[in-house]
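Accompanying notes for the structure given below.
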Amino acid sequence: MKTIDQFNFNHKKALIRVDFNVPLNEQMQVTDTTRIEAAKPTIIKVLEDGGSCVLMSHLGRPKDRESEFSLKHVVGVASDILGVSVKFVDDCVGPEVAKELSQLLPGEIVLLENLRYHPEEEKGDVAFAKALSECGDIYVNDAFGTAHRAHASTTVVAQFFPETKCFGYLLASEIENVNKVLEDSQPPVTAIIGGAKVSSKITIIENILDKVDHLIIGGGMAFTFVKAQGGKIGNSLVEDDKQELALEILEKAKQKKVQVHLPSDSIIAEKFSNDSKTEVTEINQIPDGWMGLDVGPKTIESFSQVILASKTILFNGPVGVFEMPNFAKGTIAVCEAIAEATKNGAFSLVGGGDSVAAVKQFDFGDKVSYVSTGGGAMLEMLEGKTLPGIAAILE
Ligand code: AMP
């Protein structure tokens, strides 16, 4: 893997695709700086080598050049985090950019304006990518969040740097960590797949059946499996047209000797609300008018045992409606078991979807081995897809 460590940036301009697509409030202040902090090690390495950084990113989904999507709002916070006063140019290609970049000195950082002000970015336009490529000597892709997009700055631009393109630290560590689950994992390997729907997780499940020893299925999607096996699920979330598929998955898992763990009991509620009346029932005996919103105590016990005995753990999707405190216990218990297993030497990856939000909300971020920074990108990696942004560096 060609990483930034294989290059010396002394007197070179690094053209770095970062993911500064950060949330802004109504006063245009950055409300979460995680993504800027995540790009810092790469930027600092270039500066310490004696190079300069040309940062490019998108922000939101502008239709035109609306000011609310300008990266100028990020400059102050980026300067504070990076410890260097970041310069800004109000375009990403063109004469003004070229002029600013010709004056850039080692140790300096310039942030280009939102790439998506140019529709050519998302179209993957080659001429636009060529113009971008003129902004630097070495291309560094460190934007994992957009690595699944074949855009000009994430993928197409790489062809103009046949010998001088590499992964930044963030993108490299995302690849390394997902490979610890999908390629060189230590058995027993357990995947906890939860969330709302089977349909959004089906490709992941199919891909990981060859890689795991245990598959824990929780969340709303479990009910499609329970119903397909003849259980009574009341008004719980279900995808009736996926019942056949659920049975096929169970059959495939059996053939591949993967042990599937479905919930055995559930916390049920009369309405989809935190203050609903609740009860605990067997998972396959939910009365009409009631819906399962979390896993029950027996399930917590059995899921935890499987997790604690694992050496490699993937957590993708909550096992209940964790946003409501009364239905968060199952997801918290899963986080606790993962944290305990990690403390005992297991490798744990949290990625793709709402499990990242859950782990952060319940403060388990530093008790697991790795929390992925890219939702859609991580999902596609777990689905076994080759991400265009990664392939473009490897080519
Ligand atoms: P995903 O984005 O597919 O990971 O789905 C996450 C969503 O699934 C969260 O918003 C959860 O509230 C929701 N969820 C988890 N369990 C259930 C359930 N039993 N019934 C309905 N929604 C659920």
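The values are calculated or read from the model by the stated rules, or taken from the named source; none is laboratory data. Because the structure is predicted, anything quoted here is derived from the model rather than measured. Positions of Cβ are generated from backbone atoms using ideal geometry, with glycine treated the same way; all protein chains shown enter the neighbour counts. For the accessible areas, the whole protein counts, side chains as well, though only heavy atoms, and no ligand, DNA or RNA atoms are used. Shrake-Rupley method; radii C 1.70, N 1.55, O 1.52, S 1.80 Å.
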Next item on the list: Kindly indicate whether residue 372 is at pLDDT below 95 and among the hydroxyl-bearing types (Ser, Thr, Tyr).
Entry: yes
Next item on the list: Give, as residue ranges, the helices (runs of 4 or more DSSP H) completely inside the range 25-107 that count at least 3 residues that are touching a residue at least 24 places away in the same chain (Cβ under 8 Å) and open to solvent by less than 10 Å² (accessible area, probe 1.4 Å).
Entry: 34-49
Check: Among the listed residues 317, 289, 330, which satisfies the condition of being open to solvent by less than 10 Å² (accessible area, probe 1.4 Å) and at pLDDT 95 or above?
Finding: 330
Checklist line | Set 203, 224: member being in a helix (DSSP H, G or I), surrounded by fewer than 17 Cβ atoms within 10 Å (Cβ to Cβ) and within 16 Å of the ligand (Cβ to nearest atom) | finding: 203
Checklist line | Residue in the range 301-308 that is within 12 Å of the ligand (Cβ to nearest atom) and open to solvent by less than 50 Å² (accessible area, probe 1.4 Å) present | finding: no
Margin query: Among the residues of the range 339-349, are any within 11 Å of the ligand (Cβ to nearest atom) and open to solvent by 30 Å² or more (accessible area, probe 1.4 Å)?
Written below: no
Item checked: Boolean, residue 157 is in a loop (DSSP other than H, G, I, E, B) and buried (at least 21 other Cβ atoms within 10 Å of the Cβ) -> no
Checklist line | Checking residue 246 against (1) touching an Asp or Glu at 6+ places or on another chain (Cβ under 9 Å); (2) within 13 Å of the ligand (Cβ to nearest atom); (3) among the aliphatic types (A, V, I, L, M), the condition it does not meet | finding: (2)
Item checked: Filter result (farther than 19 Å from residue 195 by Cβ and of a type in the set (A, V, I, L, M, F, W, C)) within the range 364-391 -> 387, 390, 391
Check: Which condition breaks for residue 382 when tested against (1) open to solvent by 50 Å² or more (accessible area, probe 1.4 Å); (2) within 16 Å of the ligand (Cβ to nearest atom)?
Finding: (1)
Item checked: Hits in the range 206-217 - residues which are in a loop (DSSP other than H, G, I, E, B) and surrounded by fewer than 24 Cβ atoms within 10 Å (Cβ to Cβ) -> 209, 210, 211, 213
Next item on the list: Of the conditions (1) open to solvent by 30 Å² or more (accessible area, probe 1.4 Å); (2) within 11 Å of residue 389 (Cα to Cα), residue 130 clears all except one; give me its number.
Entry: (2)
Next item on the list: Go through the residues of the range 109-117 one by one and say whether even a single one is more than 24 Å from residue 155 (Cβ to Cβ) and among the acidic types (Asp, Glu).
Entry: no
Item checked: Odd one out for residue 294, checked against (1) open to solvent by less than 30 Å² (accessible area, probe 1.4 Å); (2) away from the ligand (no atom under 12 Å from the Cβ); (3) part of a strand (DSSP E or B) -> (2)
Notebook entry, point to check: What are the pairs, 6+ residues apart or on separate chains, where a residue within the range 230-249 that is not assigned by TED's automatic domain parsing to the domain that holds residue 327 has its Cβ under 9 Å from a residue that is away from the ligand (no atom under 15 Å from the Cβ)?
Noted result: none
Checklist line | Conditions (1) touching a Gly at 6+ places or on another chain (Cβ under 9 Å); (2) surrounded by 22 or more Cβ atoms within 10 Å (Cβ to Cβ); number of the one not met by residue 312 | finding: (1)
Next item on the list: Could you check residue 177 against (1) open to solvent by less than 10 Å² (accessible area, probe 1.4 Å); (2) in contact with a Gly (Cβ under 9 Å, 6 or more places away or on another chain); (3) more than 16 Å from the ligand (Cβ to nearest atom) and say which number it fails?
Entry: (1)
Checklist line | Members of the range 262-286 found to be hydroxyl-bearing (Ser, Thr, Tyr) and buried (at least 22 other Cβ atoms within 10 Å of the Cβ), listed by number | finding: 266
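Condition check ((1) in a loop (DSSP other than H, G, I, E, B); (2) closer than 22 Å to residue 372 by Cβ) across all residues:
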{"site": "288", "(1), (2)": "yes, no"}
{"site": "298", "(1), (2)": "no, no"}
{"site": "302", "(1), (2)": "no, no"}
{"site": "307", "(1), (2)": "no, yes"}
{"site": "335", "(1), (2)": "no, yes"}
